[in-house]
Every structure is written in structure tokens, then in C-alpha cells.
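Reviewing the structure listed below.
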Amino acid sequence: MPGTFAGSVDDFLARVLPEDAPRIRECVQAALDSSSGFTSEYRILRADGEMRRLYTRADVLRDHEQGPLRLIGTS
């Protein structure tokens, strides 16, 4: 489906510009460690070389023991 991303967090972070990546890593880790999601604005480099600015809201889907299963978000 266009606009979906089914890769891993490492795959996702590989597209984030190096200047923005540390902040996004912190947001993702904080969301995984807590019961809250995150919102953030950052830049990515698309496969065709075009830079895009994204605003993302993400939440963590958890299992019955509250362990993280999946990071789900929209940009």
C-alpha cells in the first residue's frame, strides 16, 4: 500500500537525516520505555534523493504484559 512502512526502526532511522537522527532515536526510545507515544518533526532523505520534512505522531502497541510489540505512526 502506498505510504506504508513495514520495516524495522533501524530501517526507518536510516532515512532520517543525520542532524535529526539523535533526537528521533531519543523519541523512539522514550516511547518504547514509557506508556506514551511521541510527536516530532524531522527530515528524511527519500530513496530518489529528495529531502522531505515530516511531522509524525506515533504510539507503541503493547502486548498483554505491556511489552512493546510495534511502533505505529502516521506522518
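The values are calculated or read from the model by the stated rules, or taken from the named source; none is laboratory data. In this text, all values refer to a predicted model and were calculated from it rather than measured experimentally. No Cβ is skipped: glycine too gets one built from the backbone with ideal geometry, and neighbour counts run over all protein chains shown. Remember, those area values only see protein heavy atoms, side chains included, never the ligands or the DNA or RNA. Shrake-Rupley method; radii C 1.70, N 1.55, O 1.52, S 1.80 Å.
Tabulated data for the structure shown
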{"quantity": "Count of residues meeting criterion [more than 14 Å from LEU61 (Cα to Cα) and under 12 Å from the mean Cα position of the chain (by Cα)] in the stretch 31-46", "calculated": "6"}
{"quantity": "Test: residue in the stretch 52-75 that is open to solvent by 60 Å² or more (accessible area, probe 1.4 Å) and in a helix (DSSP H, G or I)", "calculated": "no"}
{"quantity": "Of all residues in the stretch 19-28 being loosely packed, with under 15 Cβ neighbours inside 10 Å and either within 14 Å of the chain's Cα centre (by Cα) or hydroxyl-bearing (Ser, Thr, Tyr) (or both), the one that is nearest to VAL9 (Cα to Cα)", "calculated": "ARG25"}
{"quantity": "In the stretch 29-70, the residues that are without any contact (Cβ under 8 Å) to a residue 12 or more places away in the chain, under 16 Å from SER8 (Cβ atoms) and in contact with a strand residue (DSSP E or B) (Cβ under 9 Å, 6 or more places away or on another chain)", "calculated": "LEU61, LEU69, ARG70"}
